[in-house]
Amino acid sequence: VAKNAGKNRYHLFDPESDRKAQLHRSFLELLNIALINREFVLYYQPKVDLRDGRIVGAEALIRWKHPERGLLSPAEFLSYIHGSPLDQKLGEWVIQEALAQGEIWHQQGLPLCISVNISADHLIQKDFSAHLAFALSQHPDIAPDCFELEVLETAAIVDIEQAVEILESCRRLGVHFSLDDFGTGYSSLTYLRKLPIDTLKIDQSFVRDMLHDAEDLGIVEGVIRLANAFHREVIAEGVETLEHGAALMALGCHLAQGYGIARPMPADQFMAWAEQWQTERAWLSLKPALLY
Ligand code: C2E
Ligand code: MG
Ligand code: MG
Ligand code: MG
């Protein structure tokens, strides 16, 4: 005990780690203030069916409109909130905001399905499904089966029994789940079978290199087969070119998301994009590629 106390004391007075902890705390305070000041915004990236160009949904992706530093991507701030109460607060804001936006589009004649990303810490909160039920009840225009939660493969398997329980209770509300960045985690097939997941999202790293890397192509093929075998939907992220789209269609993956279709955009640009996408009909050029 004395030895441990000594160690702790050493850490308590370690000026370097103390400084880091303080920086972390003040950064969290900044993020809390940013939430109050409504500095967070959601961008939306469409998901389409490459067979007919149908827009099947939009994924909400958070940005921080920093008053001085401009638009910050999630990589620049999300990791700091893990394990803090802000994780849940921000997650609840994202759900509310995305539902409200979905409702606006619905009223404007664009009935999109909406997906949001959920952190593991937020998902395993005991009252997660109760909060979700409340949020859904406040936005009756959005059918729960048109609302999707994207969960990282790694998040779902920390405590598989607990994850299954939470996912089940959310699914009773009607919402759908997808496993994000699929292929980068360590899910065994047993886990995959147990998890009530509707969709596998092929990680963009495999998609990006599938045209010139045989191993990545093999992984993409494997995930598509896995999805078929388990009767799950499959979607590819990181579809940057028409060639990627054509190759994916040839393999039997029709749902796609990526810069080649559209970059994430502010909500007020989505309607104009959708109209242009419909008139351009660029996806039709993917069809001949199916023949080779
Ligand atoms: P993700 O959910 O896997 O989202 C895909 C990321 O790849 C997004 O980055 C998107 O902008 C980017 N992306 C989409 N298409 C392409 C493409 O064709 N090429 C390339 N190179 N990138 C593409 P973003 O918006 O920076 O988000 C990064 C990650 O941050 C997300 O990965 C997600 O895990 C997390 N995230 C974003 N918003 C939220 C949120 O509201 N809550 C939580 N908990 N996590 C979020
Ligand atoms: Mg996602
Ligand atoms: Mg992803
Ligand atoms: Mg990712």
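Here are the numbers for the structure shown:
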read-out	value
Residues located in segment 133-150, provided they are in contact with a helix residue (DSSP H, G or I) (Cβ under 6 Å, 6 or more places away or on another chain) and surrounded by 15 or more Cβ atoms within 10 Å (Cβ to Cβ)	ALA135, LEU136, HIS139, ILE142, PRO144
Pick from segment 87-109, criterion away from ligand 1 (no atom under 12 Å from the Cβ), polar (S, T, N, Q) and in a helix (DSSP H, G or I), ranking: farthest from LEU31 (Cα to Cα)	GLN107
GLU148 being closer than 21 Å to ILE62 by Cα and in contact with a Cys (Cβ under 7 Å, 6 or more places away or on another chain)	yes
Segment 229-254 - residue that is more than 12 Å from ligand 1 (Cβ to nearest atom) and acidic (Asp, Glu) and, of those, farthest from LYS201 (Cα to Cα)	GLU243
Segment 208-243, subset closer than 21 Å to SER188 by Cβ and either of a type in the set (Ser, Thr, Tyr) or not in a helix (DSSP H, G or I) (or both), residue nearest to ligand 4 (Cβ to nearest atom)	VAL234
Evaluation of ILE224 against (1) within 20 Å of the chain's Cα centre (by Cα); (2) within 16 Å of ligand 1 (Cβ to nearest atom); (3) under 21 Å from LEU152 (Cα atoms) (one fails), failing number	(2)
Every pair of residues 6+ apart whose Cβ atoms lie under 6 Å, when the first sits in segment 44-70 and is within 22 Å of ALA272 (Cβ to Cβ) and assigned to a strand (DSSP E or B) while the second is within 14 Å of ligand 2 (Cβ to nearest atom) and among the basic types (Lys, Arg)	VAL56/LYS47; GLY57/LYS47
Residue tally, condition within 11 Å of ligand 1 (Cβ to nearest atom), touching a helix residue (DSSP H, G or I) at 6+ places or on another chain (Cβ under 7 Å) and over 17 Å from ASP180 (Cα atoms), over segment 55-69	1
Pick from segment 188-239, criterion away from ligand 2 (no atom under 16 Å from the Cβ) and touching a Gly at 6+ places or on another chain (Cβ under 6 Å), ranking: farthest from VAL175 (Cα to Cα)	ILE219
Unique residue being within 16 Å of ligand 3 (Cβ to nearest atom) and of a type outside the set (Phe, Trp, Tyr) when the list is ILE33, ILE55, ILE62	ILE62
Enumeration of residues in segment 107-134 that are of a type in the set (A, V, I, L, M), under 17 Å from VAL151 (Cβ atoms) and over 16 Å from the mean Cα position of the chain (by Cα)	ILE124, LEU132
Residues (surrounded by 13 or more Cβ atoms within 10 Å (Cβ to Cβ) and over 23 Å from PRO266 (Cα atoms)) located in segment 70-87	TYR80, ILE81, SER84, LEU86
Residues located in segment 171-186, provided they are out of contact with any strand residue (DSSP E or B) (no Cβ under 6 Å at 6 or more places or on another chain) and either away from ligand 2 (no atom under 16 Å from the Cβ) or under 18 Å from PHE134 (Cα atoms) (or both)	ARG171, ARG172, LEU173, GLY174, TYR186
Matching option when the condition is more than 17 Å from ILE118 (Cα to Cα) and either in contact (Cβ under 8 Å) with a residue 24 or more places away in the chain or surrounded by fewer than 16 Cβ atoms within 10 Å (Cβ to Cβ) (or both), among GLY260, GLY222	GLY222
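We did not get these values from a lab; they are worked out from the coordinates using the rules stated. Remember, predicted model here, so these are calculated numbers, not experimental data. Reconstructed Cβ throughout: ideal geometry from the backbone, glycine too, with neighbour counts over all protein chains shown.
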